[in-house]
Amino acid sequence: AASPSGFAEMTAAEVAATGKITLVPWGRIEGTVRFTNKPTNGWWVAVHAPPQRDVGSGRSVPSYTFFQRTRPDTRGRFYFDRVPPGDWRVSLVSRVNDPSGQSLPFSHGQPLRVLSGATNRVDFEETGRSITGRVQITGGDPADVDWSRDAHYLTLQVPGAPDSAPPNLSKAKTDAERLKLLKDFSTKQSAFWSSPKGRAVRDAQRQYALVFDADGAFRIDGVPPGNYTLSIAPTDPTHDMQTLIPLGSAQQRVKVTAPKAGEALDLGTFKLSTRSIARLGKAAPLVKLKTFDGQPVALENFRGKFLLVDFWDTSTLGRPYDLEQINSLFADEEVTNRLAIVSVNLDRDFKAGEIYARTSPTPGPQCYAGPRADAKLTAAFGLEDQTSGLILLDPEGRLATKPLRSDYIRSTVRRLVSAPVKK
């Protein structure tokens, strides 16, 4: 319950027993932000739940959520009225445009126990070191990376935290065993983070969000000495923020020492290998493949015609219908004169793919690329989370369609291939 005069958190049983809801006064938070002699330095300030929040006995989720943010004034001062009493975290936020509802890039977070009816203070001062560096993209196109899109962090290594990796479900033989592994893992995690040791580890946790320029240069101010992990993981900006598809990722250990007369710590240049983004009109990669019997196939050799690149595996339920669509296309002589096809099998089992290809052929080379673990190949053609699909390349070798399946194969390809040639 909440009102201008106070706040209450009670169970239904407690209310039923007393017939009353007793409010306690709100807490107030105030403080300042001062980095590199600039009071605000472009930051917002946010009050939010701490990581691994203790949700209370008998609960699996918090009974309520709380989040507020504000911009410091020109002198770096900020305040929050009407804060529920309890354990919260006050953090800096370098950006607040979060249309997706994904987590904001909280940085420099400090734990704060907000007392009822009291003014609780937290300050962000120049107590640490400025960190600089730069990320150099290799493999992919640097223009594909939007450095303002994702949160990248320098995270303090805090001893004593349990392994947060989920259990290995491959060891379970039944659904019941899998559920038990997950339940045991959740119970252990909850027990640790609600214990005094867990709360101490939680309060010691710190993370610092990297503030990037468009060219991949980054900076972080106010980082105390310690051992950290630098994590960088840009995602594909052609998808909305509800669909976070990695372009690449890298981690590196970083030791931050005490500053010398305000000297920044330059981490130098990090090389980050990323995959290319499949955009319509972009040149497809110059892929060299081999057929099941070892004959070389190069996609560039099909320039001058439209080319269907047919990715498939034997687990694809709609494969027989896709084959019907493909064979129907190539039964049309007008289309066939302007169209070729290369089929690429992604099965882990070479023999299984070979047998299927021999018994269900397509009107072009049948190649084997191996399991879909080589994600860079398929992602370069726009197959990010699908096990199969056909992509049409134009006569110049550029991507002409997104991945096609089912009825869209025949109608889309025929329309594009039959369109008049632009001169």
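Listing for the model above:
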quantity: Computed lengthening from Leu179 to Asp146, 0.36 nm per intervening residue step minus Cα-Cα distance; calculated: 8.0 nm
quantity: FRET efficiency, Arg414 to Ala214 (Cβ-Cβ, R0 45 Å, nearest 0.05); calculated: 0.60
quantity: Linear extension gain, Thr127 paired with Lys171, 0.36 nm per residue minus alpha-carbon span; calculated: 11.1 nm
quantity: Cα-based shape type of the range 261-316, given that a ≥ b ≥ c are square roots of the gyration tensor eigenvalues and the cut on a/c is 1.5; calculated: prolate
quantity: Cα centre as origin, Lys/Arg/Asp/Glu Cβ charges: the range 267-359 dipole, Debye; calculated: 660 debye
quantity: Nonlocal amide H pairs with Ile137, under 5 Å, H built at 1.01 Å; calculated: Leu272
quantity: Dipole of the chain, positive direction: furthest Cα of Asn120, Leu181, Ser249, with charges on the beta-carbon; calculated: Asn120
quantity: Cβ-placed point charges (K, R +1; D, E -1), dipole of the range 157-221 about Cα centre in debye, nearest 20; calculated: 480 debye
quantity: Cα centroid of the range 133-158 to Cα centroid of the range 183-216, whole Å; calculated: 21 Å
quantity: Cα-based shape type of the range 198-351, given that a ≥ b ≥ c are square roots of the gyration tensor eigenvalues and the cut on a/c is 1.5; calculated: prolate
quantity: For the range 258-395, with +1 on Lys and Arg beta carbons and -1 on Asp and Glu, the positive-most of Ser276, Ala357, Leu329 along the dipole; calculated: Ser276
quantity: Pairs from Lys20/Lys183; Lys288/Lys351; Lys288/Lys402; Lys305/Lys402 whose Cα-Cα separation, in the structure shown, is over 27 Å; calculated: Lys20/Lys183
quantity: Correct option for mean projected area of the Cα convex hull in nm² [calculated from the coordinates] among [x] 22.3; [y] 28.9; [z] 25.2; calculated: [y]
quantity: Gyration tensor (alpha-carbon) shape descriptor, the range 81-198, a/c threshold 1.5; calculated: oblate
quantity: Ranked packing of 120-129, 279-288, most packed first, by mean Cβ within 10 Å; calculated: 120-129, 279-288
quantity: Distance (nanometres) between label positions extended 7 Å along Cα→Cβ at Val24 and Arg75; calculated: 3.2 nm
quantity: Axial C-alpha extent at least 18 Å, average Kyte-Doolittle at least -1.0 - helices from the chain (DSSP); calculated: 175-193
quantity: Cβ charges +1 (Lys, Arg) and -1 (Asp, Glu), total dipole of the chain, debye; calculated: 740 debye
quantity: 5 angstrom amide H check on Arg338, placed H, neighbours 5+ away; calculated: none
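The numbers here are math on the coordinates, done by the rules we state, and not lab data. Everything numeric in this text was worked out from a predicted model, so none of it was measured. Please note: Cβ atoms are built from the backbone with ideal geometry, for glycine as well, and neighbour counts cover all protein chains shown.
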